[in-house]
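Taken together, the values in this text are just the output of simple stated rules run on the coordinates, not laboratory data. It should be emphasised that the depicted structure is a prediction, and the values quoted were computed from it without experimental measurement. Because the Cβ atoms are built from the backbone with ideal geometry, glycine has one as well, and the counts that use them run over all protein chains shown.
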Amino acid sequence: MLEKKYNHLEVENGKYENWVKNGYFEEKEGGKPYAIVIPPPNVTGKLHLGHAWNTTLQDIIIRFKRMQGFNAIWVPGMDHAGIATQAKVDAKLKDMGIKPRELDRAKWLRYAWDWKNEYAENIHKQWAKLGLALCYSKERFTLDEGLNRAVNHVFKTLFDEGLIYRGERIINWDPAQMTALSNEEVIYKEVKGAFYHIKYYLENSDEYLEVATTRPETLFGDTAVAVNPDDERYKDLIGKNVILPVVGKLIPIVGDEHADPEFGTGIVKITPAHDPNDFEVGNRHNLERIVCINPDGTMNENAGEFAGLDRFVAREKLVEYLKEKDLLISVEEIMHNVGHSERSGVMVEPYLSKQWFVKMRPLADRVLENQKNKDTKVNFVPTRYEKIMNHWMEITYDWCISRQLWWGHRIPAWYKGDEVYVGEVAPVGDGWVQDNDVLDTWFSSALWPFSTLGWPEETEDFKKFYPNNVLVTGYDIIPFWVNRMTFQGLHFTGKRPFKDCLIHGLIRDKQGRKMSKSLGNGVDPMDVIDTYGADALRFFLTTSSAAGTDLRYDEEKVKASWNFINKLWNASRFVLMNIEDLDTLNFDNLKMEDKWILTSLNNTIKSVTKNMEQYDFNNVGTEIYSFVWNDFCDNYIEFAKFSLENKATKSVLCYVLTCILKMLHPFMPYVTDELYSNLPMHEENIILSEYPKYNKSEVFNKEYEEFTNIIEFIKVFRNVKLENKIGKDFGIKINNEEDYSLIMKLLRINLDKHNEIKGTKYSVIYKNYNLDIYYEKEVTEEDMMLLNKQISELESSIERRKKLLNNENYVAKAPKELVEKERFTLKAEEEKLAKLKNE
RNA sequence: GGGCGCUUAACUCAGUUGGUUAGAGUGUCUGCCUUACAAGCAGGAUGUCAUAGGUUCGAGUCCUAUAGCGCCCACCA
């Protein structure tokens, strides 16, 4: 027999190992293919609540689909996470007293793989604790051999197609990690800065131009000053020269649209090697590009005496210097947006550098075209997120994919002198040197939906499971990942990578703040599991908010989920205690209450299935919760207690419980496994069982309504009794021929003992049921107030209804049943009012 | 600057194509140890659905404007 109380520690112990051992998560012969690939977590650390949420959603879908008979697989895997992992490995090495950049590459990589193996193990343990139905035989890692082949194939193909090129551009440079970044990896933050107004003297003149800049230290890279050719103030200066302060050399004044006459002084210094706009200006005017900052953010030899100083120190010193030389006009403090590295947090340096790029325009256009067709597009849930992807596709520009790191897919390009070779394997012959850089992590993640299935080989898995059925991820990952999977998938397979894309939000703390290390408000899902169990956490995570919205972590709600499981546990305990001898289900001689619960069950199954299919787990949660607690426990079980000897009752108890367990299984796999295995009749494991199906022959609408009325009447009866403080010695007078036996049973009233008709009369009316309670007590003022309140409420309700029904427009245009219902209710209210007034 | 979302009970949130007296959990009040469950049972109370207009027989839901909060994108040398 089950323990009296639900104990998640005992219930969850050992189950996962059993599932895996029995191969329940592996491919299932015969079913229609259904596939999800996990968003591979970074091997940098441990999973947080966001991962728990993300993976539970997928687990629910997979378990549901398996129960529906699909050959549903969920491909697990992890991401090497280039920058993030390299930073962590470097930090660890530094702690060990090793200077990471002084190691040779191969040796460093051995440390990195050790790290990877250690953390991958952690993540496996966490997946297990969460109970995820992952198909481990298909597990992949973004840096494994197969995926590396896919990456090289893609690189080479795009290169041959002219969609990958190498070029010198201004890119976002992270001086801390010393690598290039893509635009997506730059986060703009509002910071305090200043406009430094500097004098640029005209050649052979005492006059100067006032040039304002936020980054004075870049003046060592200035190769021109620009004014707008239409700017009356300055257009005559075009073609003349100014003397670059500090450096003392002459640079030209050029006319260029980029200079906005309305902005600042209308004069802008041009630093082609350190600003994307200036780079363009430089191209238009054939200006020299002078780099004056080193990759590590210090000034280089072009900065003269400032060489070697950090860029921010150099700025300070340079401003001092300008002040001394009377070259500084003013310093105007401003707030402005400055790019920061997503990973290291340092200010990004726009930097001239030779990098590899993906030419985005043709790839993005193809996606935009494809999204116009509902049969080929990626369907976002909720739909509004589709706009985010489309907008990105519209404005995207070339993707800088090379990273100056060691941890990643090494770029399959080799150089010999001026020659460049790109191929899937190294070229034959001597003297070829491979590119030192690796690819952006997202370059390999972009191939994940198909590379994990063995692509570019035409494998069985690829043929069966591509496109994937759904991808589940947070909205914050759309630009990095979803967009890129979509264009790569389309380009290389001709198809969308997945039919649906289910988007969820971010986890926040109780106050609505983002969970972060610096705030210290993070919650470790493993701690929650220890306290409340994975089932409670999972139910909370997936049923507490609408799709696509953020979720506040609230321990009280996890507790409420635990209570629900405990309720389920005890209901099961009751059922199991009473059906031990049941060997077959027998639905002969069903009573009204049996028909009622079967009807409600089937309505629930129907609606739950529909909502499961549209990923509306929040509604599913509410529906099952209310069915279990209100219908099954509060009502059906209470009535079933009177007929526990009936086989029909036992059968219904067993059947309804079985269906409940199955519907809850995707949400709470552990406890449902435990309870299901205690049923007198069951499959090998609930994971292998069939999802409940709506069965019309179990729907009895007439009995459903009749029994609902009984339940409602009981409620009214209890309410009248409680509100009027009616004690035990009351009398009952029944006013019609209806059958009150069930009602009296449940209320534990023996009519023979309550036949004294004296004292004050209290009417109890609901639909066809109508009786009076008589009770001797002094009628207090309070009682009169209560009665009067009821009367006036009824009166105003009647008045409202009358007015509505007198409205010709309403009667003419509203649906007929509604109008009928109004009439019926009005009549009932009028009768009730008459009775109340009698009291 | 462009776009998106949110504003509903004390708190956290649902609210399907408009259907007329707006729901849940938690909290709160009253009464109960009724042998499945006191982590429970029975019964209550609590809302100008942000504001102002509009469409409609009917608006939390649709339209317009406003306010507050949040997010995304772009960008200011």
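Here are a few things to note about the model shown:
- Each listed q (0.12 Å⁻¹) maps to a log10 I(q)/I(0) for the range A:28-105, found by the Debye formula over equal Cα scatterers with no solvent: -0.53.
- Sorted largest first, the principal axis extents computed over the alpha-carbon atoms of the range A:241-395 equal 69, 36, 32 Å.
- Of all beta bridges that DSSP places with both ends in chain A, some 75 percent have antiparallel geometry.
- Estimated from helical segments only, the mean residue ellipticity of chain A at 222 nm is -13000 deg cm²/dmol, where each DSSP H run of four or more residues counts as -39500 (n - 2.57).
- Set of lysines with alpha-carbon distance to A:K510 below 20 Å, sequence-local pairs under 8 removed: A:K557, A:K559
- Flagged links, alpha-carbon separation over 27 Å, of A:K721/A:K835; A:K567/A:K650; A:K595/A:K753: A:K595/A:K753
- Loop GluC sites (Glu not before Pro), the range A:600-676, which have at most 16 other Cβ atoms in a 10 Å radius of their Cβ (DSSP): A:E645
- Loop-located trypsin sites (Lys or Arg not before Pro) in the range A:86-121, at most 10 other Cβ atoms within 10 Å (DSSP): none
- Using every pair of distinct Cα positions in the range A:290-350, the Kirkwood expression returns a hydrodynamic radius of 13.2 angstrom.
- Considering the range A:521-560, its Cα convex hull presents a mean projected area of 2.9 nm².
- For the range A:187-281, relative contact order (Cα pairs under 8 Å, six or more residues apart, normalised by length) works out to 29 percent.
- Stokes-Einstein diffusion of the range A:226-319 at 4 °C, 1.567 mPa s viscosity, Kirkwood radius from Cα pairs, rounded to a whole number: 90 µm²/s.
- Scanning residues 5 or more positions from A:T760 or on other chains, those with amide H under 5 Å from its amide H are A:Y775, A:E776, A:K777, with H placed 1.01 Å from N in the peptide plane.
- Three principal axis extents describe the C-alpha atoms of the range A:613-736; from largest down they are 55, 36, 28 Å.
- Angle in degrees between helix A:534-543 and the longest Cα principal axis of chain A, rounded to the nearest 10: 80 degrees
- Extents of the range A:1-160, taken as max minus min of Cα coordinates on every principal axis and listed largest first, are 64, 47, 26 Å.
- Sorting the segments A:134-142, A:318-326 by their mean number of nearby beta carbons within 10 angstrom, highest to lowest, gives A:134-142, A:318-326.
- With only the Cα atoms considered, the range A:409-535 has a convex hull volume of 205 Å³ per residue.
- Converting the Cα gyration tensor eigenvalues of chain A into ellipsoid dimensions via √(5λ) gives semi-axes, longest first, of 70, 35, 24 Å.
- Sparsely packed GluC sites (Glu not before Pro) within the range A:494-595, loop by DSSP, other Cβ within 10 Å at most 14: A:E580
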